[in-house]
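**Q** First the structure, which I've put down as structure tokens, then a few questions once you've had a look.
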Amino acid sequence: MFTPKLDKFPLFMMLSIRYNPTYRGIIKGTKVIPDTQSLRPANFTDKNMTYEFCVNNTEKLLRENISKISAKNVAIGLSGGTDSSLNSLLLAKNEKVSLKLFCIGFNDSDDEFSDARLVANLTNCDYKEIVLDDVTKDLPTLVWKFGSPKSNLWPYYNFKTVRELGAKTTLSGEGGDELFGGYYFRYVKYLKSKPLTSFFRAKKYVFSRPRDFVQNQLRMFGPKFKKDGKLVYTNDDIIKFFEPTFSNNLPFIKQIFLADFNYKLRFDFNYVDLIFAKSEGVKVFSPFLEKNMLDFAPHIPTKFKITSNTSKIILRDILKRLGAPKRIYEKPKQGWGMRPTIVWERGLRERCENFLLDGYLVRDDWINKKWIKDSLNKISSSNESEIIYPIINKLWDLLSFEVFYIQYVLQQSKKGRISNWN
């Protein structure tokens, strides 16, 4: 039996920053190929445009792109956020399309059902609500279908629901945040100060995601990641990977836009969508990622994308034109998913304790057992979300790696199923 070997650098990146931004797959000899073109610094230079022109042309391009959809049955996952609301409201005007809308929640106070209902009522389309209580229950299925050790894979449920609603086509809002400045909460952190060198700008970019990093996370790597007792890769290797994006003449905020698009969008958000859409037999149409939009939107002046207190101004104004209520067009950015503590209490803790402490990754020297034990103890002894959220996420990442290792390296599962999982 052929035993696949793991490529340690993309694996190190996946476990460190929660996605693999390289073109190398986790299994040696495989590749990661995004379907969206990368952009260059020149794409993000400001052009001399009026605000009114930017709003009008953005709406025009969205209408043009959405009008190209020829499928008779379409289903869209709706959050009541800017991008999914625009897609839903614009497509609902096409009488040739039977549009169904749905919203997925997690039985959590952060669920967005009430906002989704507001938008669904404006469209007069069929609307359904779905609740997922335990998102780690299906982790083996998700990792098996995705083919890589990643934890936050719940977009799978979007495409599964599209198929279950009798549609084979959906619209994605991917690109809306990256092209129109959607991550206001992170921009505020980035722009408090501008590091003088490309290395430190890249460092600030990489490490300004507090839920993705644990202060001592390098200690989780076992002997397989070491040579002569020292780690083969460190945080500096992550920073140097991203540094070229911050070595141009763009303003810092534009460099952030470029990095978000070329890496986080192409290798994480959109790539996850691609894999699961393919596995479920669903075609994804992304109005924000069409060539005409990519030729235009990056050049919109930054002042028309973000202000001192909000972002995505252009898209919010288009929503307002379309008759969306104030609650929708002024809605702050909200990530889709569960709070880590909710995931932890609804199955993740038990599965981490059962599969990680004496798991194959510990046995085969990939992961340090002491780090796992210390992390479990820290979660049990603290109530501070800022401390335990990133630890929970990191253990979730390791659990995904354990599942992947059983499935793809040890090949001890049948069609991805893991014994004693549920």
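**Q** Take the residues in region 210-228 that are touching a residue at least 24 places away in the same chain (Cβ under 8 Å), assigned to a loop (DSSP other than H, G, I, E, B) and not polar (S, T, N, Q); name whichever of them is nearest to Asn262 (Cα to Cα).
**A** Asp212
**Q** Could you list, in sequence order, all residues of region 176-192 that are touching a residue at least 60 places away in the same chain (Cβ under 8 Å), assigned to a helix (DSSP H, G or I) and closer than 12 Å to Ser308 by Cα?
**A** Answer for region 176-192, where residues must be touching a residue at least 60 places away in the same chain (Cβ under 8 Å), assigned to a helix (DSSP H, G or I) and closer than 12 Å to Ser308 by Cα: Tyr184, Phe185, Tyr187.
**Q** I would also like to ask the following. Would you kindly identify the helices (runs of 4 or more DSSP H) lying entirely within region 338-421 that contain at least 2 residues that are modelled with pLDDT of 90 or more, among the hydrophobic types (A, V, I, L, M, F, W, C) and under 24 Å from Phe12 (Cα atoms)?
**A** Details: elements: 340-343, 349-355, 360-363, 369-381, 385-404.
The qualifying helices (runs of 4 or more DSSP H) are 349-355, 360-363, 369-381, 385-404.
**Q** Could I ask something else about it? State all residues of region 9-29 that are among the hydrophobic types (A, V, I, L, M, F, W, C) and under 23 Å from Ile392 (Cβ atoms); if no residue qualifies, say none. Please lay out each step first, then the result.
**A** So the first thing to find is which residues in region 9-29 are among the hydrophobic types (A, V, I, L, M, F, W, C), and the list is 9, 11-15, 17, 26-27.
Matches in region 9-29: Leu11, Phe12, Met13, Met14, Leu15, Ile17, Ile26.
**Q** What is the residue count in region 232-263 for residues that are surrounded by fewer than 20 Cβ atoms within 10 Å (Cβ to Cβ), closer than 11 Å to Val206 by Cβ and touching a Pro at 6+ places or on another chain (Cβ under 8 Å)?
**A** Going through region 232-263 one residue at a time, the tally reaches 1.
**Q** Could you say whether any residue in region 277-293 is within 13 Å of the chain's Cα centre (by Cα) and not β-branched (Val, Ile, Thr)?
**A** There is no residue in region 277-293 that is within 13 Å of the chain's Cα centre (by Cα) and not β-branched (Val, Ile, Thr).
**Q** A further question on this structure: Take Tyr187 and tell me if it is under 19 Å from the mean Cα position of the chain (by Cα), modelled with pLDDT under 95 and of a type in the set (Phe, Trp, Tyr). Walk me through it before giving the result.
**A** On the way: under 19 Å from the mean Cα position of the chain (by Cα): yes; modelled with pLDDT under 95: yes; of a type in the set (Phe, Trp, Tyr): yes.
Considered against the rule, which asks whether it is under 19 Å from the mean Cα position of the chain (by Cα), modelled with pLDDT under 95 and of a type in the set (Phe, Trp, Tyr), Tyr187 comes out as yes.
**Q** Ok, one more. Quick one: Thr197 ticks every box in (1) farther than 24 Å from Ser385 by Cβ; (2) hydroxyl-bearing (Ser, Thr, Tyr); (3) under 24 Å from the mean Cα position of the chain (by Cα) bar one, so which box is it?
**A** The single condition Thr197 does not satisfy is (3).
**Q** Within region 142-158, restricting attention to residues that are closer than 17 Å to Gly25 by Cβ and assigned to a loop (DSSP other than H, G, I, E, B), which residue is modelled with the lowest pLDDT?
**A** Leu153
The values are calculated or read from the model by the stated rules, or taken from the named source; none is laboratory data. Just so it is clear, the structure is predicted and the values come from calculations on it, not from any experiment. Positions of Cβ are generated from backbone atoms using ideal geometry, with glycine treated the same way; all protein chains shown enter the neighbour counts.
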